[in-house]
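**Student:** Before I ask anything, let me first share the structure, which is written out below as structure tokens.
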Amino acid sequence: MAAEGDTIAGALCDVMEQALIDKGIAPDLARALAKRACEPSLVRAEQKVRRKVRKGAKAANRKLSAAFKEANRRLRTKGGQLRKGKTQGDVARLAHKLKKKM
């Protein structure tokens, strides 16, 4: 089966090379391009195995999310800008402090 796939791939490379030559590309360049396009990629297209998120981490994420919402509510104006003298670091510090209390 694999040999059949290799034969088909080789034939397609030859067709590609000939099409490039017919378009006016130099034969040596066409051969190099066709060969490179038909090489199997070394990088596997497999997806990474995703690990399940543990229950404790899920709870911590939920608490931190809620804490950030509260911290942003406290340290931002109605228009959404940070209050004078406050930084995003202040928001993060307050959020972590609030998460501890939850």
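**Student:** Relative contact order for the chain: what is it in percent, counting Cα pairs under 8 Å that are at least 6 residues apart?
**Tutor:** 20 percent
**Student:** I'd like to know which of A30, L12, G85 lies farthest towards the positive end of the charge dipole of the chain, counting +1 on Cβ of Lys and Arg and -1 on Cβ of Asp and Glu.
**Tutor:** Of the listed residues, the answer is G85.
**Student:** Evaluate Rg over Rh across the chain, taking Cα atoms for both radii and Kirkwood's formula for Rh.
**Tutor:** Across the chain, the Cα-based Rg/Rh ratio is 1.50.
**Student:** If you don't mind, there's one more thing I want to ask. Counting only heavy atoms of the protein chains, get the accessible area per residue of the range 57-102 (1.4 Å probe) and round it to a whole Å² value.
**Tutor:** With all protein chains present, the range 57-102 gives 78 Å² per residue.
**Student:** Treating the angle as unsigned and between 0 and 90°, give the value, to the nearest 10°, between the Cα long axis of helix 2-22 and the longest Cα principal axis of the chain.
**Tutor:** 80 degrees
**Student:** At a 1.4 Å probe radius, carbon and sulfur cover how many percent of the accessible area of the chain?
**Tutor:** 56 percent
The values are calculated or read from the model by the stated rules, or taken from the named source; none is laboratory data. Predicted model, so just to flag it, every value in this text is computed and none were measured. As a convention, Cβ positions derive from the backbone with ideal geometry for all residues, glycine included, and neighbour counts pool all protein chains shown. Surface accessibility is based on the protein's heavy atoms, side chains included, excluding ligands, DNA and RNA. Shrake-Rupley method; radii C 1.70, N 1.55, O 1.52, S 1.80 Å.
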